[in-house]
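> The structure's right below; bear with me while I get my questions together.
None of the figures in this text is laboratory data; all of them are computed from the coordinates on show. Keep in mind that what you see is a predicted model, and the values were worked out from it rather than measured. As a convention, Cβ positions derive from the backbone with ideal geometry for all residues, glycine included, and neighbour counts pool all protein chains shown.
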Amino acid sequence: MTTSRSAPSAPSAGVPVRAVLVTIGLVLATVVLLYIVVEARRVLIWMVVAAFFAIALYPLVGWVENRARWCRRSLATLIVFLAVLLVLAGVVALFVVPLAQQGTKFAGQLPDLIDQARSGRGPIGDLLERTNALQYVQQNQARIRSFATGLTTPAAGLLRGVATGIAGTVTVFVLAYLMVLEGPKVVDGALGLAQPGNRERIRTVGADCARSITGYLSGNLLISVICGVLTYVVLKIFGVPFAGLIALFVAITDLIPLVGATLGAVVAAAAAFVHSVPAGIAVVVFFVLYQQVENHVLQPLIFARTVKLNPLTVLVAILVAVELAGILGALLAIPIASMLQVIARDVWDHRRGRPKDEPTVGEDRRPAVETDQP
């Protein structure tokens with residue numbers, strides 16, 4: 001009697017050692033990369049901001065280079081950045097000079113203002129008297145004194161923050177200058193890595209992305225000008241002193257989407273309340289109404305024209321970016337959303353049919369499948 005024996009099963013193949021080593025290497029490389037990103041996040045942020053400024057100033061450098069035939073690219077870049085530096089210096093001077101003059105004047109009037117505040121006279125004393133703040137100060141002098149003594153440590157941190165901000169500004173300026181100067185070489189070198197058939201497509205898509213960033217910056221400046229002008233009119237109507245200086249500060253802070261108008265409103269409202277209570281109330285009401293109009297009307301409408309984004313997309317992009325990255329996300333939300341739209345439209349065009357001469361499909365252009373139809 002024969003007994004059937006089953007064939008011996010094949011030994012299970014083990015995981016190759018090379019695959020294990022490659023997996024471990026990839027994990028270690030990812031960990032090292034994440035560590036570098038976390039540790040160098042400040043420098044990376046400076047590089048991103050510099051890249052946006054470089055893209056915005058790139059067309060201006062090209063315009064100077066084309067208009068002045070004798071002007072080489074290095075000289076054209078230097079001229080444009082010197083002009084930008086002079087404009088920034090002028091804006092700073094508009095703040096520093098009045099602040100220095102009024103600071104000297106305020107220092108001379110400070111003893112009299114303190115006496116008026118203690119006795120409940122003058123604009124500050126009247127405000128303290130109406131809000132019962134004078135009574136609170138008199139009853140809690142020891143606590144206020146200890147709080148003021150504890151401000152020395154935050155003040156030191158503030159000084160370090162100011163120094164870091166100055167260093168960051170200089171670094172961003174230098175990085176942007178080098179990016180604009182060496183931009184053509186970097187672009188040509190990067191395109192050289194792509195296949196010959198895709199180079200022109202990548203170049204055109206990149207140009208569309210750059211135009212979206214330029215449109216965002218110009219639209220943001222327009223909104224800030226509107227905010228500054230309206231603020232100046234309101235402050236002037238109620239006789240608030242230094243209306244022009246406060247309006248300029250509000251316009252600069254308004255460059256930050258969503259929260260910029262609020263930051264400027266705090267300073268403007270404080271100055272208005274010092275002047276008079278009705279003026280302060282009027283300024284607060286104005287900024288509450290204006291911020292709603294700016295966030296839900298001005299920004300979507302202007303950015304829809306300059307960045308070619310749908311108003312709903314603009315609002316959603318800002319809200320999501322603020323939640324993810326705070327103020328930096330608010331600044332970069334719209335240009336990043338526009339760049340993603342350009343890339344998505346280009347990919348969609350190539351999937352729908354034969355690529356067109358221009359890769360993107362805007363609201364006033366026909367899709368690729370309709371280019372050959374009458």
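> If you add up the charges near residue 209, with Lys and Arg at +1 and Asp and Glu at -1, over every other residue whose beta carbon is less than 12 angstrom from its beta carbon, what do you get? If you can, show how the numbers build up before the last one.
Values: positive: 203, 211, 308, 345; negative: 208, 346.
Summing Lys and Arg as +1 and Asp and Glu as -1 gives +2.
> Going by average Cβ density within 10 Å per residue, which order do the peptides 333-340, 187-194 take, highest to lowest?
Details: 333-340: 22.1, 187-194: 11.5.
Averaged packing, sorted descending, gives the order 333-340, 187-194.
> Tell me, what ³J(HN,Hα) does each residue in region 19-32 have, in order and in whole Hz, if you take phi through Karplus 6.51 cos²θ - 1.76 cosθ + 1.60 with θ = phi - 60° and put x for Gly and Pro?
5, 5, 5, 5, 4, 4, x, 5, 5, 5, 5, 5, 4, 4
> Taking the Cβ of residue 246 as the centre, find all other residues whose Cβ is under 15 Å away and add up their charges (Lys, Arg: +1; Asp, Glu: -1). Could you put the intermediate results ahead of the total?
Details: positive: 236; negative: 254.
My count for the surroundings of residue 246 gives 0.
> List, in order, the whole-Hz ³J(HN,Hα) value for each residue of region 271-277 obtained from phi through the Karplus relation with A = 6.51, B = -1.76, C = 1.60 and θ = phi - 60°; use x for Gly and Pro.
Values, residue by residue: 5, 5, 5, 5, 5, 6, 5 Hz.
> To continue, here is another question. Contour minus end-to-end for residue 27 and residue 187, with contour as 0.36 nm per residue of separation and end-to-end as the Cα-Cα distance? Numbers along the way, then the final one.
On the way: separation 160, 0.36 × 160 = 57.60 nm, distance 3.13 nm.
Contour length minus Cα-Cα distance gives 54.5 nm.
> How would you rank 177-184, 245-252, highest first, on the average number of other Cβ atoms within 10 Å across their residues? Mind showing how you got there, number by number?
Numbers: 177-184: 17.5, 245-252: 21.5.
In descending order of packing, they fall as 245-252, 177-184.
> Find how much the distance from residue 89 to residue 70 grows on full extension, using 0.36 nm per residue of separation minus their present alpha carbon separation; answer in nm with one decimal. It would help to have the intermediate numbers written out before the result.
Numbers: separation 19, 0.36 × 19 = 6.84 nm, distance 2.80 nm.
Full extension from residue 89 to residue 70 adds 4.0 nm.
> Can I ask one more? Give me the net charge of residue 300's neighbourhood, meaning all other residues with Cβ under 14 Å from the Cβ of residue 300; Lys, Arg count +1, Asp, Glu -1.
Working: positive: 305, 308; negative: 294.
For residues surrounding residue 300, the net value is +1.
> On to the next question. What FRET efficiency do you get for residue 41 and residue 201 if R0 is 41 Å and r is their Cβ-Cβ distance, rounded to the nearest 0.05? Write out the running numbers ahead of the final one.
Details: r = 33 Å, r/R0 = 0.80.
Taking R0 as 41 Å, the efficiency between residue 41 and residue 201 is 0.80.
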